[in-house]
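Written out below as structure tokens is the structure these notes cover.
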Amino acid sequence: MPTKFDVIRARATEREAIGGNAAEPHAISFPAKVQVERFSFYYGDVRVLHEITLSFPRNQVTALIGPSGCGKTTLLRAINRMNDLIPDTRAEGRILLDGENIYDPQVDVVRLRRRVGMVFQRSNPFPKTIFENVAYGLRVNGLVRNRRELEERVEESLRQAALWEEVKDRLHESALTLSGGQQQRLCIARALAVRPEVLLLDEPASALDPIATEKIEALIGELKRYYTIIIVTHNMQQAARVSDYTAFLWMGRLVEFNQTEKLFTVPREKLTEDYLTGRFG
Amino acid sequence: MSAVPGTRTTSLRVSRRELFWERLREQVPIGLLALASVLIVAMLGVILGNIVWNGAGQISLEFLTTAPRGGMTEGGIFPAIFGTVALVILMTIAAVPIGVATAIYLREFTPGSNLGYAWAHLRAARHWQERLAGFARVLEVLLARATRAAVNNLAGVPSIVFGLFGLGFFVRFVGGGIDRLVYGGELVYGQPAIIWAALTLALLTLPVVIVSTDEALRAVPRELREASLALGATRWQTIWRVVLPEALPGVLTGAILAVSRGAGEVAPVLFTGAAYFLPYLPSRLNDQFMELGYHVFILSTQSPDVEKTKPLLYGTVLVLLGLTFALNAVAVLIRARVRRRLRARS
């Protein structure tokens with residue numbers, strides 16, 4: 001009996017044979033900011049991503065969904081090469097940022113990460129003041145010339161992250177005195193301060209209460225005007241609410257990629273439908 | 001009520017007799033374990049009690065601030081206190097930077113220590129650049145492993161061996177070498193001196209510094225490192241601005257523990273610089289010095305009048321103990337503060 005695996009593989013080969021994209025038979029056209037091309041990733045000898053091919057549209061929100069362990073976070077972290085920090089890992093294939101392969105041996109990861117910012121699942125402010133948290137990226141990258149400029153950029157970032165009004169009178173208190181939701185918005189402000197082009201969000205609201213989550217989601221909608229946003233979430237309602245496009249991953253493979261509306265209402269793959277209707281995962 | 005067929009339900013109640021024996025079987029081993037613990041506390045109590053009882057009366061301003069007189073049977077121990085402190089300061093200057101540097105290298109720059117993968121990388125390499133990188137990686141893994149093994153084994157070497165090594169390496173080889181090359185054979189550094197004793201002691205305490213720094217670095221959450229790197233910071237900036245400030249209390253604890261360990265050692269300084277008696281305080285790196293631990297040894301074995309030196313001996317031991325205990329207490333306090341801070345964060 002063919003397993004789900006074989007079915008996907010068969011379909012993929014079929015499509016590749018006719019020159020189409022494995023996950024995109026009716027090619028959706030948009031200006032792509034990030035293109036993933038036959039990208040595979042290994043932890044030691046275990047392959048956790050299998051030749052993923054996928055494009056992330058510019059100034060849109062793309063959600064990566066799928067059950068735990070499907071590789072969505074690994075894929076996200078591959079886009080700013082955060083996985084490089086994990087020992088004994090290996091990548092194959094290409095990921096292009098504006099057409100440049102970020103895995104090219106000549107690429108400077110520090111420059112890459114300045115252009116591709118990231119917000120993590122658990123808010124991780126530095127044990128410094130609120131101001132210093134936001135100023136950190138500006139300082140290490142030498143992005144400001146003087147104190148006034150620094151203060152302006154910090155304020156601008158905190159405003160963008162919809163946190164300014166709540167913290168403007170306590171900028172020099174420890175960031176750890178903030179609530180969980182505020183800490184996460186501070187982490188967003190910190191990432192925005194260096195003005196990245198792409199913003200990677202790894203389940204940014206998974207540890208937050210509904211009100212804080214709502215704030216973060218509203219913020220994401222605002223931010224896509226300036227940034228290309230890629231968000232990992234295991235909350236399907238959240239993906240439906242915040243994203244324009246959604247990619248569904250399963251066991252390290254891309255099963256389906258489409259406009260969020262279409263993927264959620266008329267999934268092409270049986271697997272997607274099963275996942276969305278809660279039959280597994 | 002249902003049960004697996006064939007099982008009988010047994011009553012929960014047992015007779016008083018059975019209960020008594022049951023309790024006894026349970027309690028006797030626990031009692032033995034407790035006894036062992038009591039023994040430790042009692043022994044420490046006896047040792048400390050004896051020293052404090054006999055030594056406390058000896059402690060006076062004069063005892064702490066004057067030199068020994070009358071062939072070690074009178075006077076104070078100031079030169080020994082001074083020598084110990086000077087020794088320990090020199091040792092810290094030598095041991096802490098090297099220890100911290102080693103720990104940073106081990107923890108921050110050699111994350112993958114799997115030789116198999118490094119080897120596989122090298123074998124899979126096709127271009128010469130890849131081969132070079134693979135080769136470097138294998139070397140790095142080997143170096144990291146060798147260093148860890150060295151650190152672990154260094155900690156297990158008896159301190160007298162360090163003393164002999166210090167005599168052979170620092171005093172004879174390094175010191176003697178300096179004399180031959182710089183002073184034309186004149187005896188300046190090629191003799192036991194405080195600098196050689198301090199370096200020998202530094203070697204002995206290095207594992208303490210490395211291990212505690214390593215632990216402090218490991219306790220810095222990975223999330224903080226990632227946050228910094230994701231903002232476009234380099235690895236150095238991340239270590240310097242985020243990791244080290246977080247690890248600083250742990251590093252300090254390690255340094256203090258090293259000092260308290262080093263302050264109590266006699267064997268490593270025996271051949272490398274400690275003097276039986278010195279009429280002056282050490283003021284240059286190649287001076288000899290008096291040391292508290294060594295002074296205790298001398299008072300108890302080399303005294304011309306054992307009965308007369310006994311109170312001095314008790315007093316000296318009390319000062320030595322007080323010094324190391326105080327250092328340990330400071331280390332414990334710092335550690336407690338760090339723990340509290342870590343708890344407050346999570």
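The values are calculated or read from the model by the stated rules, or taken from the named source; none is laboratory data. In this text, all values refer to a predicted model and were calculated from it rather than measured experimentally. Cβ: placed from backbone, ideal geometry, glycine included. Neighbour counts: every protein chain shown.
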Criterion violated by B:Arg13 - all others in (1) part of a helix (DSSP H, G or I); (2) free of Cβ contacts under 8 Å to residues at least 60 places away in the same chain satisfied: (1)
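Residues in the range B:49-63 that are assigned to a helix (DSSP H, G or I) and more than 15 Å from B:Leu313 (Cβ to Cβ): how many? Before you say what the answer is, go through the steps one by one.
Here is the first cut: in the range B:49-63, the ones assigned to a helix (DSSP H, G or I) are B:49-58, B:61-63.
Now restrict to residues that are more than 15 Å from B:Leu313 (Cβ to Cβ): B:49, B:61-62.
Of the residues in that region, 3 qualify.
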For the structure I just gave you, tell me whether B:Gly168 is without any contact (Cβ under 8 Å) to a residue 12 or more places away in the chain and either of a type outside the set (S, T, N, Q) or out of contact with any Asp or Glu (no Cβ under 8 Å at 6 or more places or on another chain) (or both). yes
Among (1) under 11 Å from A:Val134 (Cα atoms); (2) surrounded by fewer than 15 Cβ atoms within 10 Å (Cβ to Cβ); (3) among the polar types (S, T, N, Q), the one test that A:Ser179 misses: (1)
Checking A:Phe131 against (1) at the interface with another protein chain (Cβ under 10 Å from one of its Cβ atoms); (2) not in a loop (DSSP other than H, G, I, E, B); (3) not polar (S, T, N, Q): exactly one of these is not met. Which one? (1)
Looking at the structure I just gave you, is B:Ala125 surrounded by fewer than 19 Cβ atoms within 10 Å (Cβ to Cβ) and more than 26 Å from B:Ala80 (Cβ to Cβ)? yes
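For the range A:114-128, name all the residues that are of a type in the set (A, V, I, L, M, F, W, C), at the interface with another protein chain (Cβ under 7 Å from one of its Cβ atoms) and closer than 22 Å to A:Tyr226 by Cα. Spell out how you get there, then give the answer.
Of the range A:114-128, the ones of a type in the set (A, V, I, L, M, F, W, C) are A:116, A:118-120, A:126.
Retained after the next criterion (residues that are at the interface with another protein chain (Cβ under 7 Å from one of its Cβ atoms)): A:118, A:120, A:126.
Residues satisfying the conditions are A:Met118, A:Phe120.
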Among the residues of the range A:188-219, count how many are more than 20 Å from A:Ser243 (Cβ to Cβ), part of a helix (DSSP H, G or I) and either of a type in the set (Asp, Glu) or within 12 Å of chain B (Cβ to nearest Cβ) (or both). 3
Residue check, B:Glu62 free of Cβ contacts under 8 Å to residues at least 60 places away in the same chain, under 30 Å from B:Leu299 (Cβ atoms) and of a type in the set (Asp, Glu): yes
Subset of the range A:99-125, residues farther than 19 Å from A:Leu201 by Cβ and either in contact with a strand residue (DSSP E or B) (Cβ under 7 Å, 6 or more places away or on another chain) or among the aromatic types (Phe, Trp, Tyr) (or both), comes to A:Asn101, A:Tyr103
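Go through B:Leu143, B:Leu154, B:Leu90 for me and flag whichever is out of contact with any His (no Cβ under 8 Å at 6 or more places or on another chain), within 27 Å of B:Thr238 (Cα to Cα) and either free of Cβ contacts under 8 Å to residues at least 12 places away in the same chain or not hydroxyl-bearing (Ser, Thr, Tyr) (or both). Full working, then the answer.
Values: B:Leu154 fails: within 27 Å of B:Thr238 (Cα to Cα); B:Leu90 fails: within 27 Å of B:Thr238 (Cα to Cα).
Exactly one residue qualifies, and that residue is B:Leu143.
Could you check how many residues of the range A:42-63 are in a strand (DSSP E or B) and out of contact with any Phe, Trp or Tyr (no Cβ under 8 Å at 6 or more places or on another chain)?
Filtering the range A:42-63 for residues in a strand (DSSP E or B) gives A:42-43, A:46-57, A:61-63.
Remaining after also requiring out of contact with any Phe, Trp or Tyr (no Cβ under 8 Å at 6 or more places or on another chain): A:42-43, A:46, A:50.
Final tally of qualifying residues: 4.
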Please state which of the following conditions A:Gln121 fails to meet, knowing it meets all the rest: (1) within 17 Å of the chain's Cα centre (by Cα); (2) surrounded by 20 or more Cβ atoms within 10 Å (Cβ to Cβ). (2)
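If you take the residues in the range B:218-234 that are more than 15 Å from B:Ala101 (Cα to Cα) and charged (D, E, K, R), which one is nearest to the other protein chains (Cβ to nearest Cβ)?
We begin by selecting, within the range B:218-234, every residue more than 15 Å from B:Ala101 (Cα to Cα); these are B:219-234.
Now restrict to residues that are charged (D, E, K, R): B:222-223, B:225-226.
Values: B:Arg222: 8, B:Glu223: 4, B:Arg225: 8, B:Glu226: 6 Å.
If we take residues in the range B:218-234 being more than 15 Å from B:Ala101 (Cα to Cα) and charged (D, E, K, R), then B:Glu223 is nearest to the other protein chains (Cβ to nearest Cβ).
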Restricting the range B:235-250 to residues that are at the interface with chain A (Cβ under 10 Å from one of its Cβ atoms) and buried (at least 17 other Cβ atoms within 10 Å of the Cβ), which is modelled with the lowest pLDDT? B:Glu246
Kindly list the number of the only condition in (1) free of Cβ contacts under 8 Å to residues at least 40 places away in the same chain; (2) buried (at least 18 other Cβ atoms within 10 Å of the Cβ); (3) among the basic types (Lys, Arg) that fails for B:Arg261. (1)
Working carefully through the options B:Gly83, B:Gly71, find the one that is assigned to a helix (DSSP H, G or I), touching a residue at least 40 places away in the same chain (Cβ under 8 Å) and of a type in the set (Gly, Ala, Ser). B:Gly83
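Against the condition closer than 29 Å to B:Met290 by Cα, in contact with a Ser or Thr (Cβ under 6 Å, 6 or more places away or on another chain) and either within 14 Å of another protein chain (Cβ to nearest Cβ) or of a type outside the set (A, V, I, L, M, F, W, C) (or both), how does B:Pro207 come out, does it pass? Break it down stepwise before answering.
Details: closer than 29 Å to B:Met290 by Cα: yes; in contact with a Ser or Thr (Cβ under 6 Å, 6 or more places away or on another chain): no; either within 14 Å of another protein chain (Cβ to nearest Cβ) or of a type outside the set (A, V, I, L, M, F, W, C) (or both): yes.
No; evaluated as a whole, the condition is false for this residue.
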Could you list all residues from the range A:234-255 that are among the polar types (S, T, N, Q) and over 15 Å from the mean Cα position of the chain (by Cα)? A:Gln237
Here the residues within the range A:72-90 that are farther than 19 Å from A:Glu203 by Cβ and either away from chain B (no Cβ under 13 Å) or assigned to a helix (DSSP H, G or I) (or both) are A:Asp84
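Yes/no matrix, rows are residues, columns are (1) modelled with pLDDT under 90; (2) of a type in the set (A, V, I, L, M):
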| residue | (1), (2) |
| --- | --- |
| B:Glu18 | yes, no |
| B:Leu33 | no, yes |
| B:Met43 | no, yes |
| B:Val52 | no, yes |
| B:Ile59 | yes, yes |
| B:Gly71 | yes, no |
Being out of contact with any Pro (no Cβ under 9 Å at 6 or more places or on another chain) and closer than 16 Å to A:Ala78 by Cβ is the filter here; which residues of the range A:109-131 pass it? A:Val109, A:Leu112
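Tally up the residues in the range A:136-157 that are of a type outside the set (D, E, K, R), touching a residue at least 40 places away in the same chain (Cβ under 8 Å) and surrounded by fewer than 22 Cβ atoms within 10 Å (Cβ to Cβ), please. Lay out the reasoning, then the answer.
Taking the range A:136-157 as the starting set, the residues that turn out to be of a type outside the set (D, E, K, R) are A:136-138, A:140-144, A:146, A:150, A:154, A:157.
Then keep just the ones that are touching a residue at least 40 places away in the same chain (Cβ under 8 Å); that gives A:136-138, A:141, A:143.
Imposing the further condition that a residue be surrounded by fewer than 22 Cβ atoms within 10 Å (Cβ to Cβ) reduces the set to A:138, A:141, A:143.
Adding up the residues that qualify gives 3.
Mind telling me which of the residues A:Arg94, A:Arg111 ends up being at the interface with chain B (Cβ under 8 Å from one of its Cβ atoms) and either within 17 Å of A:Leu199 (Cβ to Cβ) or in a strand (DSSP E or B) (or both)? Let's see the steps before the verdict.
Details: A:Arg94 fails: at the interface with chain B (Cβ under 8 Å from one of its Cβ atoms).
So the residue among A:Arg94, A:Arg111 that is at the interface with chain B (Cβ under 8 Å from one of its Cβ atoms) and either within 17 Å of A:Leu199 (Cβ to Cβ) or in a strand (DSSP E or B) (or both) is A:Arg111.
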Considering only residues that are surrounded by 20 or more Cβ atoms within 10 Å (Cβ to Cβ) and either of a type in the set (Ser, Thr, Tyr) or modelled with pLDDT of 95 or more (or both), which ones fall in the range B:157-195? B:Tyr189
Which numbered condition trips up A:Ala162, out of (1) small (Gly, Ala, Ser); (2) in a loop (DSSP other than H, G, I, E, B); (3) under 22 Å from A:Ala207 (Cβ atoms); (4) within 11 Å of chain B (Cβ to nearest Cβ)? (4)
Within the range A:53-72, take every residue that is crowded, with 23+ Cβ neighbours inside 10 Å and among the polar types (S, T, N, Q) and give me the one that is farthest from A:Glu37 (Cα to Cα). A:Thr62
